[in-house]
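Please treat every number below as a calculation from the coordinates, not as lab data. Remember, it's a predicted structure, so these values are computed and weren't measured experimentally. Please note: Cβ atoms are built from the backbone with ideal geometry, for glycine as well, and neighbour counts cover all protein chains shown.
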There are 2 protein chains.
Amino acid sequence: MTIDIQNLTLEDIAEKAGVSRSTVSRVVNEHPNVSEKVRTRVLQVIAETGFHPNAAARTLASQRSSMIGFILGRTVSSFFPDPYFPQLTQGIAQACNQNRYTLSLFLVGSREDEAMIFPNVSRKGLLDGVIVQSGHDDDELINKLITSNIPIVVVGRPFEVENVTFLDVDNVEASRQAVAHLIGLGNTRIATIEGSANTTVSIDRRRGYEKALAEAGLPLDEKLIAAGDFSEESGYRAMEALLPHKPDAVFAASDAMAFGAIRAARHAGLRVPEDIGFVGFDDLPSARRFEPALTTVRQPVSEMGSKAVDTLLQIIHEGAASQAATIVPTELVVRNSCGAKAKGLAQ
Amino acid sequence: MTIDIQNLTLEDIAEKAGVSRSTVSRVVNEHPNVSEKVRTRVLQVIAETGFHPNAAARTLASQRSSMIGFILGRTVSSFFPDPYFPQLTQGIAQACNQNRYTLSLFLVGSREDEAMIFPNVSRKGLLDGVIVQSGHDDDELINKLITSNIPIVVVGRPFEVENVTFLDVDNVEASRQAVAHLIGLGNTRIATIEGSANTTVSIDRRRGYEKALAEAGLPLDEKLIAAGDFSEESGYRAMEALLPHKPDAVFAASDAMAFGAIRAARHAGLRVPEDIGFVGFDDLPSARRFEPALTTVRQPVSEMGSKAVDTLLQIIHEGAASQAATIVPTELVVRNSCGAKAKGLAQ
DNA sequence: CATCAATTTAGGAGCGCTCCCAATTTCAAA
DNA sequence: TTTGAAATTGGGAGCGCTCCTAAATTGATG
């Protein structure tokens with residue numbers, strides 16, 4: 001049964017059903033005020049012919065495309081395979097399906113891409129709105145998008161927060177909890193390995209670290225803070241720098257860095273978690289099967305994606321979101337690497 | 001400098017530049033036969049106003065949208081976070097950028113999604129063509145798509161190969177090589193853990209396994225073949241089933257299953273790779289840092305993505321692809337889990 | 001059975017572009 | 001200068017839909 005998608009038009013269907021173009025349009029768009037008799041006759045013809053209205057014509061006439069874009073700026077696109085992004089994308093895609101919206105994906109690879117993509121994204125007739133992953137300072141496209149007046153929702157706390165609706169994980173609180181957990185385990189010399197500079201994520205996670213120390217009355221020792229860039233390699237190097245200062249626990253701003261750091265600690269002859277405890281951030285799939293299983297922070301990534309879509313649709317349909325910022329909570333997943341289980345302190 | 005994206009039209013630009021709509025259209029579309037003087041004047045006005053032609057109007061008038069879709073069917077969408085898919089998506093997205101095409105992503109979650117998405121995908125005025133990830137039998141959407149006559153390229157060998165252009169990794173040869181490698185290491189009782197049934201990937205990898213055994217004159221022992229579903233958990237269980245039959249090496253059809261299988265082998269007191277060697281498939285990021293580092297098959301996933309786009313554009317522009325099937329080669333990455341390094345036999 | 005309001009249906013205008021063809025301009029050769 | 005081919009430019013028609021308004025139909029009411 002090959003339904004040949006020939007170029008049927010509303011008018012064709014109208015003729016076959018013995019009604020007018022407008023009536024078919026009303027049926028297709030589920031408008032009220034169509035008599036039951038006519039509606040069923042038209043639906044019948046539509047089913048028989050396999051008709052689907054032309055998307056471009058509909059968009060042109062109605063000035064709505066029922067499409068939204070998901071944009072990953074130049075500074076993050078290359079990390080797309082990092083599980084965070086596909087998970088977020090999946091959440092967004094699912095929500096789009098549910099709302100009968102079509103999703104366009106823009107991975108901005110290079111500066112040239114940026115120039116080419118911007119018109120596509122901002123011009124009329126393609127997208128009703130966009131979701132942007134942000135959190136890095138040097139992201140021109142995102143800033144241009146924000147100043148153009150297309151409906152927009154930013155995922156991740158943007159650098160310039162002026163009247164932009166955004167959605168973010170509670171990085172400060174998540175990190176505070178993680179570090180407080182390490183403190184609760186009796187550690188006093190807690191180090192941290194930071195993510196890439198110039199990202200709000202890193203800034204916020206650092207703030208959470210400091211907050212936890214302050215709450216516990218522990219001193220902030222700059223020597224126990226090492227710079228990384230979220231990668232495993234950088235975690236290894238950061239740990240090497242940290243080791244001389246003898247931390248008894250480490251909070252890494254990403255699981256990948258935690259993996260690297262643990263490797264470095266072991267290389268130096270330390271046992272994990274007996275001699276030194278670790279907490280990561282992300283809850284990568286491999287965190288569970290790592291030896292020792294990594295204690296880490298889990299983010300509701302996919303939920304964030306669908307929430308981003310809901311918020312964007314609100315802006316599209318109602319002109320504004322009900323709240324300017326949504327901060328979603330995280331969950332500390334206690335496994336073995338922090339030492340809680342070894343000490344019989346797991347909840 | 002807020003460029004307000006008001007609804008400028010060709011006509012507006014034409015008026016400002018003192019020319020006709022047609023001339024502006026020619027300039028925008030880089031048609032020849034526009035005098036240099038007029039062209040620069042028009043470009044000037046366009047730059048000043050920040051004009052971008054309306055996508056929907058252009059699509060409607062030209063019957064081309066410059067958009068393609070990437071569709072993950074119901075049977076694979078849930079695996080989107082598996083690094084294979086984001087990597088493929090990235091390759092596709094990059095190629096789209098280069099060719100000035102816009103990418104739409106369809107993750108078909110449920111059967112209801114399928115019904116809702118199909119019209120969007122197949123109807124005119126939205127997509128010029130689609131790339132579909134296939135390889136599973138029960139995938140209605142994909143079959144419907146193939147019978148509708150939208151330009152299509154399938155990634156992964158489809159079940160029904162009748163006049164469909166597809167692109168696939170050489171699973172048979174990759175597996176043959178992997179198993180031959182284990183044979184070359186002196187193993188004679190080589191087991192395999194298969195992926196999900198009803199996928200061409202599994203079928204092909206099994207065939208490669210059998211081929212390698214046959215070439216080496218080794219018997220095919222059904223007891224050394226265990227069923228899995230690509231997941232780590234299934235790898236663990238499959239290995240438990242395999243252990244009583246004392247394999248000296250295992251070829252797992254995915255890295256995740258290899259991880260699970262190694263865990264099971266160790267649980268039974270075996271040393272890896274001294275007592276038993278393992279080869280996986282996929283080269284996940286964690287394969288490198290696994291203990292022991294996993295020998296596995298690397299696929300040029302991102303390249304496949306861009307090749308899929310090239311092929312699709314060929315079909316769109318020239319009516320057909322230059323070849324019906326493209327089979328891309330893989331690479332065996334020898335690390336420690338197979339025992340080659342231990343035996344001093346690494347390449 | 002007439003009247004009028006409410007419901008349903010039809011058709012025109014217009015969304016902003018492309019594409020075609022005709023009109024205009026340019027310019028070389030006679 | 002005249003002529004005509006080539007290059008450039010302009011404007012109409014039309015892509016397939018939505019939305020608005022007006023016409024036709026329905027049906028309740030006096």
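Assorted remarks:
- Amide hydrogen neighbours beyond the local backbone of residue A:168, cut-off 5 Å, H modeled: A:156, A:326, A:327, A:328
- Neighbouring partner chain Cβ atoms per residue of A:85-95, average, 10 Å criterion: 5
- Sum of side-chain charges, residue A:45 neighbourhood, beta-carbon under 15 Å (Lys, Arg +1; Asp, Glu -1): +2
- Gyration tensor verdict on chain B (Cα atoms; rounded if a/c is under 1.5, prolate if a/b is larger than b/c, oblate otherwise): prolate
- Normalised contact order of region A:168-262, rounded percent, pairs of Cα under 8 Å and 6 or more residues apart: 34 percent
- Seen from residue A:309, the other residues with C-beta closer than 15 Å to its C-beta sum to a net charge of -3, counting Lys and Arg as +1 and Asp and Glu as -1.
- 5 angstrom amide H check on residue B:297, placed H, neighbours 5+ away: B:280, B:281, B:282, B:283, B:333
- Label-point separation in nm, residue B:29 to residue B:215, each point 7 Å along Cα→Cβ: 5.3 nm
- Averaged over peptide B:101-110, the number of partner chain Cβ atoms lying within 10 Å of each residue's Cβ comes to 6.
- In the structure shown, the pairs A:124/B:16; B:211/B:246; A:246/A:341; A:144/B:124; A:211/A:307; A:307/B:144 are assessed against 25 Å; a Cα-Cα span above that value is assigned to A:144/B:124; A:211/A:307; A:307/B:144.
- The relative contact order of region B:98-181, computed from alpha carbon pairs under 8 Å that lie at least 6 residues apart in sequence, is 20 percent.
- Taking every alpha-carbon pair under 8 Å whose residues sit at least 6 apart, chain A reaches a relative contact order of 15 percent.
- For chain B, the Cβ-based charge dipole about the Cα centre amounts to some 660 debye (Lys, Arg positive; Asp, Glu negative; other atoms uncharged).
- Of the DSSP H helices in chain B, those whose Cα atoms cover at least 24 Å axially and whose Kyte score averages -0.5 or more: B:301-318
- Shortest first, residue A:289 label-point distances to identical copies amount to 1.5 nm, with the label point at 7 Å from Cα along Cα→Cβ.
- Cα gyration tensor shape of the protein assembly as shown, rounded if a/c is under 1.5, else prolate or oblate by comparing a/b with b/c: oblate
- In terms of its C-alpha gyration tensor, region A:171-299 comes out rounded, because the ratio a/c of the largest to the smallest axis stays below 1.5.
- Under 9 Å, Cβ to Cβ, from residue A:328 - net charge with Lys/Arg +1 and Asp/Glu -1: -2
- C-alpha center-to-center spacing [region B:58-110, region A:222-300] in angstrom: 36 Å
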